[in-house]
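What follows draws every value from the coordinates through simple rules; no lab data is involved. All of these numbers come straight from a predicted model, not from anything done at the bench. Cβ coordinates were reconstructed from backbone atoms using ideal geometry, including for glycine residues, and neighbour counts include every protein chain displayed.
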Amino acid sequence: DRVGIAIERSLDLMVGLLGILKAGATYVPLDPSYPRERLAFMLADAGVTALLTQRRLLGQLPEQDARVICIDADWSAIAQQPETNPLIQLAPESVAYIIYTSGSTGKPKGVMITHANLSNFFTGMDQRLLDKESEAEPGTWLAVTSISFDISVLELFWTLARGWRVVIQSDSKQTATLPVADTEVASRPMDFSLFYFASSEGAAGHDKYRLLIEGARFADENGFTAVWTPERHFHG
């Protein structure tokens with residue numbers, strides 16, 4: 001089964017994710033801040049049969065046919081369920097979660113990530129992040145990434161599986177701003193950057209690579225701070 005999860009960043013979010021996986025289901029992350037039309041499309045496209053959320057978020061979510069379970073309000077019903085571990089058998093090709101693309105070039109597309117994919121990813125992270133020759137205790141990881149992005153599985157699941165302590169940054173802290181003195185802002189020079197859009201189809205659409213090279217050269221000559229490209233992993 002595909003289970004949608006729309007929960008604010010908190011301990012409840014981690015409980016929900018682990019509960020879905022332990023039940024042998026596939027989780028579909030649904031960011032409550034997304035437009036209702038996008039959420040409705042994802043719910044229907046993924047064939048979600050159950051939705052795990054919080055009562056205060058119900059007004060932000062679209063109407064759908066999935067069974068709704070509010071993790072902050074339905075504990076009386078949850079408490080009636082057996083406490084024994086579910087008898088679930090998963091295969092490497094079983095789907096762990098479905099991530100949807102941004103949809104910048106059309107409708108969002110669901111990408112199915114299997115348990116084999118996750119195992120391979122975790123093994124690669126072991127090789128990069130764990131010092132096999134060191135006996136240091138596992139550290140503390142600050143998890144800041146939305147579960148709608150793949151890097152969240154590194155922050156939440158790889159860490160816990162390796163004995164790390166995970167601190168989940170709340171939504172409110174992500175959007176909080178620190179007060180800055182007016183004099184500090186006024187005395188700091190303005191930075192300039194270039195930002196390229198993935199779906200831009202302007203006059204230079206026939207030679208985008210040359211546009212990027214010439215733009216980067218212009219940025220270097222004029223002291224720009226950065227050149228931002230559509231693929232977020234390759235900013236300059």
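So how much slack lies between residue 72 and residue 216, counting 0.36 nm per residue of separation and subtracting their Cα-Cα distance, in nm?
46.8 nm
Please label the shape of region 1-109 as rounded, prolate or oblate, based on the square roots a ≥ b ≥ c of the eigenvalues of the alpha-carbon gyration tensor (a/c under 1.5 means rounded; beyond that, a/b larger than b/c means prolate, else oblate).
Oblate is the answer for region 1-109, as a/c is 1.5 or above yet b/c matches or exceeds a/b.
Among 142-148, 213-219, how do they line up by average Cβ neighbours within 10 Å per residue, starting with the highest?
142-148, 213-219
Is region 8-52 best put as rounded, prolate or oblate by its Cα gyration tensor, with a ≥ b ≥ c the root eigenvalues, rounded for a/c under 1.5, and otherwise prolate when a/b is larger than b/c, oblate when not?
Oblate is the answer for region 8-52, as a/c is 1.5 or above yet b/c matches or exceeds a/b.
Using square roots of five times the C-alpha gyration tensor eigenvalues, list the equivalent-ellipsoid semi-axes of region 76-160 in whole Å, biggest first.
Semi-axes, largest first: 25, 24, 15 Å.
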